[in-house]
1. Is it true that some residue in segment 20-35 is touching a helix residue (DSSP H, G or I) at 6+ places or on another chain (Cβ under 8 Å) and touching a residue at least 24 places away in the same chain (Cβ under 8 Å)?
2. Which residues, taken from segment 63-76, are aliphatic (A, V, I, L, M), modelled with pLDDT of 95 or more and within 24 Å of residue 29 (Cβ to Cβ)?
3. Answer yes if at least one residue in segment 48-62 is modelled with pLDDT under 95, within 19 Å of residue 96 (Cβ to Cβ), hydrophobic (A, V, I, L, M, F, W, C) and surrounded by fewer than 16 Cβ atoms within 10 Å (Cβ to Cβ), and no otherwise.
4. With free of Cβ contacts under 8 Å to residues at least 40 places away in the same chain, part of a loop (DSSP other than H, G, I, E, B) and surrounded by 14 or more Cβ atoms within 10 Å (Cβ to Cβ) as the only criterion, which of 74, 66, 92 stands out?
Amino acid sequence: MRLLVLALLVACGGGVNAPLPDADPNAPLCTGVVYDNCLANSGCTSGNCHLFEADAIQVCTQACSASMLCPTDASGVAGSCNGKGICKPTRANPCRPN
C-alpha cells in the first residue's frame with residue numbers, strides 16, 4: 001500500500017524530493033522556469049514540479065500534447081512529451097532550487 005501511495009505521489013509530482021546529484025553549490029538559484037530543478041510544486045511558475053525517477057531529476061515542467069510542443073532543454077534539444085502529457089527534458093537547467 002505504501003508503494004502505491006509513493007507511486008501516486010511521484011506520478012503527480014507531489015512533494016517527493018529527489019536527490020540532485022549534479023547540484024553545484026556555485027550554480028545560480030533557479031527561478032522556477034520549465035526544466036529548472038525544484039523541490040515542490042510551489043517552486044515552479046507552472047506549479048508542476050515532477051520527479052523523473054529513471055533520469056534522477058526533479059524539475060519544473062508543463063503540460064504538452066501533439067499541438068502544444070515542449071520547449072528546448074539545457075542540452076539545446078526540445079523536451080519530449082511523455083505518455084502522461086508532461087514535458088520531459090534530457091537534462092535539467094544548471095541551477096540550484098530555491
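The values are calculated or read from the model by the stated rules, or taken from the named source; none is laboratory data. Worth saying up front: this structure is predicted, and the values here are computed from it rather than measured. Cβ: placed from backbone, ideal geometry, glycine included. Neighbour counts: every protein chain shown.
1. Start the filter on segment 20-35 by keeping residues that are touching a helix residue (DSSP H, G or I) at 6+ places or on another chain (Cβ under 8 Å), which leaves 30, 32.
Checking the rest, the ones that are also touching a residue at least 24 places away in the same chain (Cβ under 8 Å) come to 30, 32.
Yes.
2. Hits for segment 63-76: nothing passes.
3. Yes, that holds for at least one residue.
4. Working: 66 fails: surrounded by 14 or more Cβ atoms within 10 Å (Cβ to Cβ); 92 fails: free of Cβ contacts under 8 Å to residues at least 40 places away in the same chain.
From the options 74, 66, 92, the qualifying one is 74.
The rows are residues; the columns are (1) loosely packed, with under 12 Cβ neighbours inside 10 Å; (2) modelled with pLDDT of 95 or more; (3) assigned to a loop (DSSP other than H, G, I, E, B).
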{"residue": "7", "(1), (2), (3)": "no, no, no"}
{"residue": "19", "(1), (2), (3)": "yes, no, yes"}
{"residue": "24", "(1), (2), (3)": "yes, no, yes"}
{"residue": "34", "(1), (2), (3)": "no, yes, yes"}
{"residue": "42", "(1), (2), (3)": "yes, yes, no"}
{"residue": "45", "(1), (2), (3)": "no, yes, yes"}
